[in-house]
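Here is the structure we will look at, set down as structure tokens.
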Amino acid sequence: ACARSNSNRAAICHLQRQLYGRRYPVLLVSTDGSTVRLRYREPKRILMLPLDSNTLPEAERKARLRRHFPSKLKVKEEETFEGIDLDTYKKFWKK
């Protein structure tokens, strides 16, 4: 049996590839705002390229780092009812 490489070969036997993946149309957005339509293996609407932090000014780089890694939350002091005069709120209580 001879193996012919023409357009009828795929209809007669299986395709000679490892993955039968489908490609989905996706919009790729680069860091400068330009967009390109391409085919991607996962069904997504938009892909964004990561921003290179080495090209940013120092102030913007520090601001981005602060947003990504926020400082520890401050502990709030609990309110006490010792300094509150309860007679001023007596009119709001149900009888």
- Would you check which residues across the range 37-68 are open to solvent by 80 Å² or more (accessible area, probe 1.4 Å) and in a strand (DSSP E or B) and list them? Arg37, Arg39, Ile46, Met48
- Message: Name the residue that is farthest from the chain's Cα centre (by Cα), counting only residues in the range 63-89 that are charged (D, E, K, R) and more than 30 Å from Leu51 (Cα to Cα).
- Response: Asp87
- Message: Cβ-Cβ under 7 Å, sequence separation 6+ or interchain: first residue in the range 31-59 and closer than 29 Å to Gly21 by Cα, partner open to solvent by 100 Å² or more (accessible area, probe 1.4 Å). Which pairs?
- Response: Arg39/Arg23; Tyr40/Arg23; Arg41/Arg23
- Message: Just checking, does the range 69-83 include any residue being surrounded by 10 or more Cβ atoms within 10 Å (Cβ to Cβ) and either among the aliphatic types (A, V, I, L, M) or modelled with pLDDT of 85 or more (or both)?
- Response: no
- Message: Looking at the range 1-36 only, could you name the residues that are open to solvent by less than 60 Å² (accessible area, probe 1.4 Å) and modelled with pLDDT under 85?
- Response: Ala10, Cys13, Gly21
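The values are calculated or read from the model by the stated rules, or taken from the named source; none is laboratory data. Just so you know, these numbers come straight off a predicted model, no measurement behind them. Please note: Cβ atoms are built from the backbone with ideal geometry, for glycine as well, and neighbour counts cover all protein chains shown. Only protein heavy atoms, including side chains, enter the accessible area calculation; ligands, DNA and RNA are left aside. Shrake-Rupley method; radii C 1.70, N 1.55, O 1.52, S 1.80 Å.
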